[in-house]
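A.B. asks: Next up is a structure, given as structure tokens.
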Amino acid sequence: MVFGAFERMVALRYLRSRRKEGFISVIAGFSLVGIALGVATLIIVMSVMNGFRQELLGRILGVNGHLAVVGVQGDLVDYETIAERISALSSVTSATPQVQGQVMVTASGTATGGLVRGMAPKDLKARKLIAEKIVAGSLNDFTGDNVVIGERLARSLRLGVGDKITLVSPNSSVTVFGSIPRLKAYTIAALFDIGMYEYDSSFIYMTLDAAQIFFELPEMVNTIEVFVDNPDLTNVVRRDIHNTIGTGIVTRDWQQSNASFFNAIQVERNVMFLILSLIILVAVFNIVSGQIMLVKDKGRDIAILRTMGATRGMILRVFFLSGASIGVIGTLAGFVLGLSFAENIETIRQWLEGLSGTNLFDAEIYFLSKLPAVVETSEVLQVVGMALFFSFLAPIFPAWRAARLDPVEAIRYE
């Protein structure tokens, strides 16, 4: 559809408000603001949801690995050979033997739950997500009965580097006096802060030898964590591992371990997209109603233009351009606003928290210490495309009514 200079001039003239047309201009203004807010809100919410998924996925996979290999009977005896054979696979980047177990952590009269992960010092240093997030102490001291714990766990226990914590195993030791809890004190060598509350407040890294002694697993481990080149191809790697090792093992990938969690995020994203799209639809209906009122108000002008030689096509294009301009300008404004907000969302959050004095993003609830936002080009284009589609669709009916107006009848009754 090509718009001539005359059509653009008349459409622009109708978009400007005069005193008697003020109400129509107010409707047009609200429609523009509504579309801008709808587009901006969709971009911001989708970016935050993408940020949540990417941050959580990166932290979960960075800490837990892509695959976990466990024994059918529970423990792996010849674990070093198994780990070497798994590491030899072309798609595997590392295979780390571990001893994992739940414990109760006590210190200074305070007790809380924790998850111990026993692994060799060289393997912990190779774990970048931990090694690069050490906030106190050093991994060089991760030897013997020294442990590395999360910074939030240390804060809850009011401890620091060099202090001692006592770990209580859920399995009791049987003595001549009966069953007694098995406990041992360890020295804190370093603190880490990976930015995920669940891990920072519960994980305890212990040397593999110390963990084998504490959990009474001499020369054994209960898990081998495997990292692969492509986390999306874990099914292929699982098949290769079973073909290489044979029977006696069970594998579990990250998708199985966290399926419900990431499915919930995906469902929430879809629902939020549908709900927030209603903002744009409401604004579009405002455009339709505003344009219908404008056509009604301009009946005499339309008749005069028709008698002066304007065709029905010209009248249709005038009112189509008048209505579509509101949607296009609103979409562009929402696009700029949404991207600007998403790129600076953490700064805006901190500013709002300082202004209101309230905690808008609690790490204990959302598992992350910072509000993430990742803008995906495809989703932004989808939002903008949807808004433009409705913006072009909305003025068609009012423009068609204007083009069908009989100039004789309009002049007679106006």
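The values are calculated or read from the model by the stated rules, or taken from the named source; none is laboratory data. Keep in mind the model is a prediction, meaning the values are calculated, not measured. Cβ coordinates were reconstructed from backbone atoms using ideal geometry, including for glycine residues, and neighbour counts include every protein chain displayed. Quick note on the areas: whole protein, heavy atoms, side chains included, nothing else; ligands and nucleic acids left out. Shrake-Rupley method; radii C 1.70, N 1.55, O 1.52, S 1.80 Å.
A.B. asks: Is there any pair linking a residue in segment 63-87 that is touching a residue at least 40 places away in the same chain (Cβ under 8 Å) and at positive phi to one that is buried (at least 17 other Cβ atoms within 10 Å of the Cβ) and not acidic (Asp, Glu), with Cβ under 7 Å and at least six apart or on different chains, and which?
C.D. replies: Gly65/Val226; Gly65/Phe227; Gly74/Asn222
A.B. asks: Cβ-Cβ below 6 Å, separation at least six or inter-chain, first residue in segment 145-173 and closer than 12 Å to Ile188 by Cβ, second part of a loop (DSSP other than H, G, I, E, B) and among the hydrophobic types (A, V, I, L, M, F, W, C): which pairs?
C.D. replies: Between residues of segment 145-173 that are closer than 12 Å to Ile188 by Cβ and residues that are part of a loop (DSSP other than H, G, I, E, B) and among the hydrophobic types (A, V, I, L, M, F, W, C), the close pairs are Val148/Phe142.
A.B. asks: When you scan segment 198-210, do you find a residue that is at pLDDT 85 or above, within 30 Å of Leu57 (Cα to Cα), touching an Asp or Glu at 6+ places or on another chain (Cβ under 8 Å) and open to solvent by 30 Å² or more (accessible area, probe 1.4 Å), even just one?
C.D. replies: Within segment 198-210, none of the residues are at pLDDT 85 or above, within 30 Å of Leu57 (Cα to Cα), touching an Asp or Glu at 6+ places or on another chain (Cβ under 8 Å) and open to solvent by 30 Å² or more (accessible area, probe 1.4 Å).
A.B. asks: Something else now. Counting only residues that are within 28 Å of the chain's Cα centre (by Cα), part of a helix (DSSP H, G or I) and loosely packed, with under 15 Cβ neighbours inside 10 Å, how many does segment 54-97 have? Break it down stepwise before answering.
C.D. replies: Let us first name the residues in segment 54-97 that are within 28 Å of the chain's Cα centre (by Cα), namely 54-68, 91-94.
Pick out the ones that are also part of a helix (DSSP H, G or I) and you get 54-64.
Filter once more, so that each one left must be loosely packed, with under 15 Cβ neighbours inside 10 Å: 54.
So the answer is 1.
A.B. asks: Same structure, new question: Given Glu84, Glu132, Glu151, which one is among the acidic types (Asp, Glu) and closer than 30 Å to Thr377 by Cβ? If you could, list the steps in order and put the result at the bottom.
C.D. replies: Working: Glu84 fails: closer than 30 Å to Thr377 by Cβ; Glu151 fails: closer than 30 Å to Thr377 by Cβ.
Answer to the check: Glu132.
A.B. asks: Determine whether Leu12 is among the aliphatic types (A, V, I, L, M), modelled with pLDDT under 85, outside any strand (DSSP E or B) and open to solvent by 10 Å² or more (accessible area, probe 1.4 Å).
C.D. replies: Working: among the aliphatic types (A, V, I, L, M): yes; modelled with pLDDT under 85: yes; outside any strand (DSSP E or B): yes; open to solvent by 10 Å² or more (accessible area, probe 1.4 Å): yes.
Criteria met by Leu12.
A.B. asks: Provide a single number: the residues in segment 342-355 that are open to solvent by 70 Å² or more (accessible area, probe 1.4 Å) and either at pLDDT 90 or above or part of a helix (DSSP H, G or I) (or both).
C.D. replies: Looking only at segment 342-355, we keep the residues that are open to solvent by 70 Å² or more (accessible area, probe 1.4 Å), and these are 343-344, 347, 350-351, 355.
Filter once more, keeping what is either at pLDDT 90 or above or part of a helix (DSSP H, G or I) (or both): 343, 347, 350-351, 355.
Selection size over segment 342-355: 5.
A.B. asks: Next question. Among Val336, Val318, Val295, which is open to solvent by less than 10 Å² (accessible area, probe 1.4 Å) and either among the β-branched types (Val, Ile, Thr) or not in a helix (DSSP H, G or I) (or both)?
C.D. replies: Details: Val336 fails: open to solvent by less than 10 Å² (accessible area, probe 1.4 Å); Val295 fails: open to solvent by less than 10 Å² (accessible area, probe 1.4 Å).
The unique qualifying residue is Val318.
A.B. asks: Restricting attention to segment 120-137, which residues are in a loop (DSSP other than H, G, I, E, B) and open to solvent by 40 Å² or more (accessible area, probe 1.4 Å)?
C.D. replies: Filtering segment 120-137 down to residues in a loop (DSSP other than H, G, I, E, B) leaves 120, 127, 132-133.
Once the filter is applied, which keeps residues that are in a loop (DSSP other than H, G, I, E, B) and open to solvent by 40 Å² or more (accessible area, probe 1.4 Å), segment 120-137 yields Glu132, Lys133.
A.B. asks: Which residue is modelled with the lowest pLDDT, if the candidates are limited to segment 156-173 and must be outside any loop (DSSP other than H, G, I, E, B), open to solvent by 30 Å² or more (accessible area, probe 1.4 Å) and among the small types (Gly, Ala, Ser)? Before the answer, list the steps.
C.D. replies: Within segment 156-173, the subset outside any loop (DSSP other than H, G, I, E, B) is 156, 164-173.
Retained after the next criterion (residues that are open to solvent by 30 Å² or more (accessible area, probe 1.4 Å)): 156, 164, 166, 170-172.
Retained after the next criterion (residues that are among the small types (Gly, Ala, Ser)): 156, 172.
On the way: Ser156: 89, Ser172: 66.
Among them, the one singled out is Ser172.
A.B. asks: Of all residues in segment 299-324, count the ones that are aromatic (Phe, Trp, Tyr) and either touching a His at 6+ places or on another chain (Cβ under 7 Å) or within 12 Å of Leu405 (Cβ to Cβ) (or both).
C.D. replies: Our first condition is that a residue be aromatic (Phe, Trp, Tyr); within segment 299-324, this holds for 319-320.
Right, trim to either touching a His at 6+ places or on another chain (Cβ under 7 Å) or within 12 Å of Leu405 (Cβ to Cβ) (or both) and you get 319.
Summing the residues that are aromatic (Phe, Trp, Tyr) and either touching a His at 6+ places or on another chain (Cβ under 7 Å) or within 12 Å of Leu405 (Cβ to Cβ) (or both) in segment 299-324 gives 1.
A.B. asks: May I pose another question? Filter segment 138-150 down to the residues that are at pLDDT below 90 and either under 22 Å from Tyr197 (Cβ atoms) or open to solvent by less than 20 Å² (accessible area, probe 1.4 Å) (or both) and list them by number.
C.D. replies: None - no residue of segment 138-150 is at pLDDT below 90 and either under 22 Å from Tyr197 (Cβ atoms) or open to solvent by less than 20 Å² (accessible area, probe 1.4 Å) (or both), so the list stays empty.
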